[in-house]
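Student: This structure is in structure tokens; I'll ask about it shortly.
The values are calculated or read from the model by the stated rules, or taken from the named source; none is laboratory data. In this text, all values refer to a predicted model and were calculated from it rather than measured experimentally. Neighbour counts run over all protein chains shown; Cβ positions are idealised from the backbone, glycine included. Heavy atoms of the whole protein, side chains included, go into the accessibility calculation; ligands, DNA and RNA do not. Shrake-Rupley method; radii C 1.70, N 1.55, O 1.52, S 1.80 Å.
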Amino acid sequence: MTARAEPTGLHERLTALAERQIAAGEMLGVAAADPVNAPMIRHWTDALGDANPIYTDPEAAAAGVHGQIVAPPAMIQVWTMPGVNRDRRQTGTPVDAVLAMLDGNGYTGVVATNCEQTYHRYLRLGESPVPATRFTGLAGPKRTALGEGYFVTWNVTWYVAGEAVAEMLFRVLKFKPRERAKEPEENGSAAVKDAPARRPYPLRPAVNADTAFFWEGAAQGELRIQKCADCGELRHPPGPVCPSCRSAARTYLTASGEGEVYSYVVHHNPPVPGLGTPFVVAVVELPEGVRIVGNVVDCAPSRVGIGMPVRLTYRQMDDELILPMWVPREA
Ligand code: ZN
């Protein structure tokens, strides 16, 4: 008998690892830190604006088909999220080794591409679901708009006392972020600049019948806010129907271009194709009455704060795309 040679190429090693992880089957995780409980259900339904009383009102729930309070099925992942203090409840899954090999070989970018959940029954107060993870697929390498990558798929089944109550298929693309041309960094905002080489900017907005007016406006230096042609209510982001009066008739107004930072994050990691880090993404409140998401540029991230006055600017991202952004409005 001869010893089997270890595969040497990355793709071969990945494929061999994927086969081993698929063969390993289902790996049981740690049970929910807290059993299904009313306070978490209330916070979640509050946050999502779900007013169905079978989730929160004991009397209404008792009169309903379940006869008791149940948890919204879409909450299933909430119960077994590891939380911020991951060390406390760390367990492995068969996916980890595959993701680690991809990370270690330059496939450091990640974007979730699929999440499909199936619910077998509602969870009741006091139940403690346990997740179990199966590694189910590796596909690649594929050329994508973000860069070369592998699609990694796994399935989670949640059990209560051995009974499967919900399942999830989850797929991510692990990709090699494209090399960015080195640009001089200055006051921390080199992230978003006119692209000198005019390569196509990879993160393109989806332009459709509802949003075309917005992007046509941006190309002409106008920040256009959708307005209901019947009741006059403004809405952003644009959509097909007025949430206030249900009218599909719409027009727009052109915003003054002033605003205030309502909230923001400074993005350090992971790398984002087409952008350097750190960069600031803000929710800007307009005096017209809507909020809009955009980058704050020409400003060190440490200077950005809630309430900071900003004014509109534009960046030419490539030959076709112009993005509205924000700069500090000095007093
Ligand atoms: Zn309306």
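Student: Yes or no: F135 surrounded by 15 or more Cβ atoms within 10 Å (Cβ to Cβ), in contact with a Phe, Trp or Tyr (Cβ under 6 Å, 6 or more places away or on another chain) and assigned to a strand (DSSP E or B)?
Tutor: Yes; evaluated as a whole, the condition is true for this residue.
Student: Report, by residue number, each residue of the stretch 237-274 that is open to solvent by less than 50 Å² (accessible area, probe 1.4 Å) and part of a loop (DSSP other than H, G, I, E, B).
Tutor: Of everything in the stretch 237-274, those that are open to solvent by less than 50 Å² (accessible area, probe 1.4 Å) and part of a loop (DSSP other than H, G, I, E, B) turn out to be P238, G239, C242, S247, A249, A255, G257, P273, G274.
Student: Do you know which residues across the stretch 203-236 are more than 17 Å from E285 (Cα to Cα), within 16 Å of the ligand (Cβ to nearest atom) and either in a loop (DSSP other than H, G, I, E, B) or among the small types (G, A, S) (or both)?
Tutor: D210, A229, D230, C231, G232 - these are the residues of the stretch 203-236 that are more than 17 Å from E285 (Cα to Cα), within 16 Å of the ligand (Cβ to nearest atom) and either in a loop (DSSP other than H, G, I, E, B) or among the small types (G, A, S) (or both).
Student: Separate question: Does the stretch 33-50 hold any residues that are at pLDDT below 95, of a type in the set (A, V, I, L, M) and part of a loop (DSSP other than H, G, I, E, B), and which are they?
Tutor: The answer is A33, and nothing else.
Student: Go through the residues of the stretch 29-39 one by one and say whether even a single one is open to solvent by less than 80 Å² (accessible area, probe 1.4 Å) and without any contact (Cβ under 8 Å) to a residue 40 or more places away in the chain.
Tutor: For the stretch 29-39, residues open to solvent by less than 80 Å² (accessible area, probe 1.4 Å) and without any contact (Cβ under 8 Å) to a residue 40 or more places away in the chain: present.
Student: Only one of (1) open to solvent by less than 60 Å² (accessible area, probe 1.4 Å); (2) in a loop (DSSP other than H, G, I, E, B); (3) more than 16 Å from the ligand (Cβ to nearest atom) is not met by I306, so which one is it?
Tutor: Failing condition for I306: (1).
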